[in-house]
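To keep things clear, I will list the structure first and then write my remarks on it.
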Amino acid sequence: MEKKNRELECLQQAVTLGLRKRGRTKTFFKAVEAGLKDKESILDGERPDFIILAPQEQNGKRTLLGIEHFRVDHLVTQKQFKKGNDGKQVASVGIVEQKNVNTFYDKYHEKVMESSEVPEGLLDEMAQLLKSVADNVQKATYRNFMESFIYSTEKHLESVDDYWCALNKKNNGKYNTQMGFLVEVHSDFGHLYLSHDGKTEKAKNGLMPFFEELVQWIEENCDARKVNFIVFYLSETLEKGIHEVVYVPTKNFRANLQRQRQKIFSYVGDDMDLEPFELNHKESVAHVVCREEDEEKFSVELSVTETPRDDKMERFLLSSKCALECEETSQDYALTGGTLFTMTLLRDNVKRWRKSCIKGEKWFYPMVIDGSPTFLKERADEYMMRWGDEVEE
């Protein structure tokens, strides 16, 4: 029952956001809202999660909507393979982190509100909670996100015929029928820089941008005759009240995204070519200290100690090369801060790129026009003036 309530809550929140939209998106969510309110509408199901009879008529018939809900998390880990199962296994860590945050809040909220004194155990548990979150965020790579998205979506695509079987039993030829996914995406992409229409800006939040690789995968793997639409319910990894909903018919998926003014970004961050569950550092350890300063306030100190990979600079150069190529071909792209800094040094300053001569290596090295310390410092100052961020080492 708890699972069903979470699914219904996600659907209702998607409806609330969708009704604020315009065009086909608003039309779709008005139909879902009416179906949820109509006592005569069908609102049950397990495979798919929701079967809703929408009130609008098309060709003299109402529409029976099948909606299957599933969640995709950015924070994931690789599960142990089960005996006899050689396929990849992905487990969410984001759900656990959210539960831990909720448990901490429920445990201490009333105590904090009732007294000016810091409750016993709060600072130690807060430090442990923050350390866990910081350690896990280090694992939120682009490749892990894509692995999570593909894994979850493939699992549900395998059951599409079963969903249609359930819909057809309810239908009996009386209604139009549509089947789609409600994908609840929890992500942590607030560290990205997004370049589009010739401008680059820091991501406003951690919500998932629409990546070129993700769009291509959906186009190649989602049969629009069987999965008629996808609703993306976008949220950050830990709930902060920042949400977005995007309804996309899967036929002409890319064009339908663009009609809603959704940008599609090629991902060119420095972790772009990592394998799933491979990290862009040898080791990363969070250090958290929470201490009481006086009767009215306490402080939190959080730092992360990283041991860089041996190929970290090569990764910055490779991703910078790809970012500069996107600029040359007027493609929108998403990148990380270290890549942005590196390409700031290289923009209009590369004669050519030399590929590594070592067999099996994929790295490229720039032959620069001006590599003098004075020139590079000017470019570094330009970056700092524009972004004011600390340069990744």
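The set of residues in the range 274-302 being over 30 Å from E314 (Cβ atoms) and either free of Cβ contacts under 8 Å to residues at least 40 places away in the same chain or within 24 Å of the chain's Cα centre (by Cα) (or both) consists of E293, D294, K297, S299, E301.
Taking the range 338-368 as the range and being touching a residue at least 40 places away in the same chain (Cβ under 8 Å), within 21 Å of E382 (Cβ to Cβ) and touching a strand residue (DSSP E or B) at 6+ places or on another chain (Cβ under 7 Å) as the test, the residues that pass are L340, P366. Restricting attention to the range 1-54, the residues that are of a type outside the set (G, A, S), assigned to a loop (DSSP other than H, G, I, E, B) and either under 15 Å from G180 (Cβ atoms) or at pLDDT below 85 (or both) total 10. Say whether the condition of being modelled with pLDDT of 95 or more and over 30 Å from V96 (Cβ atoms) is met by at least one residue in the range 227-245. The answer is yes, given that some residue of the range 227-245 is modelled with pLDDT of 95 or more and over 30 Å from V96 (Cβ atoms). Among the residues making up the range 201-254, those that are closer than 22 Å to M272 by Cβ and among the aliphatic types (A, V, I, L, M) are A203, L207, M208, L214, V215, I218, L234. When the range 341-382 is filtered for residues that are among the hydroxyl-bearing types (S, T, Y) and loosely packed, with under 14 Cβ neighbours inside 10 Å, the ones remaining, listed by number, are S356, S372, T374.
Restricted to the range 81-107, and to residues that are assigned to a helix (DSSP H, G or I) and within 19 Å of T153 (Cα to Cα), which residue is modelled with the highest pLDDT? Top of the filtered list is I95.
Scanning the range 303-319 for residues that are assigned to a strand (DSSP E or B), out of contact with any helix residue (DSSP H, G or I) (no Cβ under 7 Å at 6 or more places or on another chain) and in contact (Cβ under 8 Å) with a residue 24 or more places away in the chain turns up E306, T307, P308. Here L207 meets each of (1) buried (at least 17 other Cβ atoms within 10 Å of the Cβ); (2) out of contact with any Leu (no Cβ under 6 Å at 6 or more places or on another chain); (3) without any contact (Cβ under 8 Å) to a residue 60 or more places away in the chain with one exception, condition (2). Set side by side, the residues F104, F145 differ, and just one is under 26 Å from G190 (Cβ atoms), touching a His at 6+ places or on another chain (Cβ under 8 Å), surrounded by 14 or more Cβ atoms within 10 Å (Cβ to Cβ) and in contact (Cβ under 8 Å) with a residue 12 or more places away in the chain, which is F145. Here the condition is being assigned to a strand (DSSP E or B), over 24 Å from W353 (Cβ atoms) and in contact with a Gly (Cβ under 7 Å, 6 or more places away or on another chain); of Y247, Y233, it holds for Y247 alone.
Looking at the range 262-271, can you tell me whether even one residue there is of a type outside the set (S, T, Y), assigned to a strand (DSSP E or B), out of contact with any Gly (no Cβ under 7 Å at 6 or more places or on another chain) and farther than 30 Å from D223 by Cα? Taking every residue of the range 262-271 in turn, none turns out to be of a type outside the set (S, T, Y), assigned to a strand (DSSP E or B), out of contact with any Gly (no Cβ under 7 Å at 6 or more places or on another chain) and farther than 30 Å from D223 by Cα.
The values are calculated or read from the model by the stated rules, or taken from the named source; none is laboratory data. Here the structure is a predicted model, which is why all the values come from computation and not from measurement. Heads up, the Cβs are rebuilt from the backbone with ideal geometry, glycines too, and the neighbour counts pull from every protein chain shown.
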